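Taking it in order: structure first as C-alpha cells, then the write-up.
Here, each number is a calculation from the coordinates, and none is a lab measurement. These numbers were taken from a predicted model, which means no experiment stands behind them.
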Amino acid sequence: MFTNPPVPSKNQKPIEPIGVIPRSIIRTLNRFVIQLFPNSNLLLLQEFRISRYQVLVSFQCLLCLIFIPLIITFFSKTFLFRPLTEYIWNTQTDDIFLNAYLEKEALVELQNFEEQLYFEYLVSPTTYEPPNWASYLTDLDLDEATLSSTYNYRPELLKSEIQKKTLDLAVEYNQKSIEALINFFSDFLSFGTFTLLVFTLKPQVIILKSFLLESIYSLSDTIKSFLLIFGTNLLVGFHSPRGWELFLDLVFHRLGLPPDEKFVLLFVATVPVLLDTVFKYWIFRYLNKISPSTVATYHAMIE
C-alpha cells in the first residue's frame, strides 16, 4: 500500500537546514576556530589572496562589459555608420523623412510656426495688412487658380519667413532620419558586442556574479530589504507604468518610430506582472533559504 520515499540523486544539492542560530554567527565561530590552529596564518593569507583576485577580476570584467561596447559603438558610429548612412541617404534616395510619423511631426511644427507668425503679424499696429494664408484657405471650396491668386497677395516678408522655416525643417528632419538609422545600427552593434563579451568572458562573468552576490548578501538586513522594496516598487510598483511608458517613448523617439499605443498598453500590462511573478518566486524560492531574516524584515516593512 505504501511506496518507498524517493531516493535523492547524487547530483541533487542538499538544502542547508535553517536552525535556531543564524548562519552568520556560525560562520563567525568557524572562522574563530580556524584561527586557533597553527596554520591559521597560511589560511588567512590564502583567503586574502583569493579575495583580492576575485575583486580584481570582477573589477576588470565590469570595466570590459561597460566600456568596450561603448568604445566600439562610438568609433563605429563616428567613422563607419555616420559617413555611410549620410552618403546613402543623401545620394541614393530622394526621401527626406524616414517614415510618415516624422513627416507629420514636421507638418505640425510648420503649422504652429505659421500660426505664431500670423498672430505676430496681426498684432503689429504699423504694418498690418490682412494676409491671405494658403493654409487657412484649404478648408474653403476654392479651385487652384483662386488659391494661386490669393497666395500672391501674401506679404513677401511672411512668404520668405515660411520658406526659410520650411527649408530649416527639411534639413532638420532629414538629419533626424539619418540619426535614427545611425542609432539603430549602433545600438544593434552595442548589444551584439555586449553579448559576445558575456560569452567570451564567461569565467570572469561567473566570478563577477559571485562577487556581486556576496557583496549584496553581506549587507545588513535593513539595507537589503530597502533595496528589495525600492527595486520592486520601481519596476512593478503602483507608479511603474508611467516609467515604462516614458522608457518606451524614449526608445521610439531614439529610433524615429511612431509611438504605438496598443503595443505600449500591452507591454505595460504584461511585463510588470511577469517581473512581479519573478520577484515573488525568487523571494520564496531562494532568498527565504539564504537570508530568512531579510524576508522577515521585508514583510515587516511593507506591512
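For this structure, a couple of remarks:
- The average projected area of the range 220-303, computed from the convex hull of its Cα atoms over all directions, is 6.3 nm².
- Legend: P(r) of the range 185-239 from all alpha carbon pair distances, 5 Å bins from 0, whole percents, reading 4, 16, 12, 13, 15, 19, 15, 5, 1.
- The value of relative contact order for the range 220-303, using C-alpha pairs under 8 Å at least six residues apart, is 49 percent.
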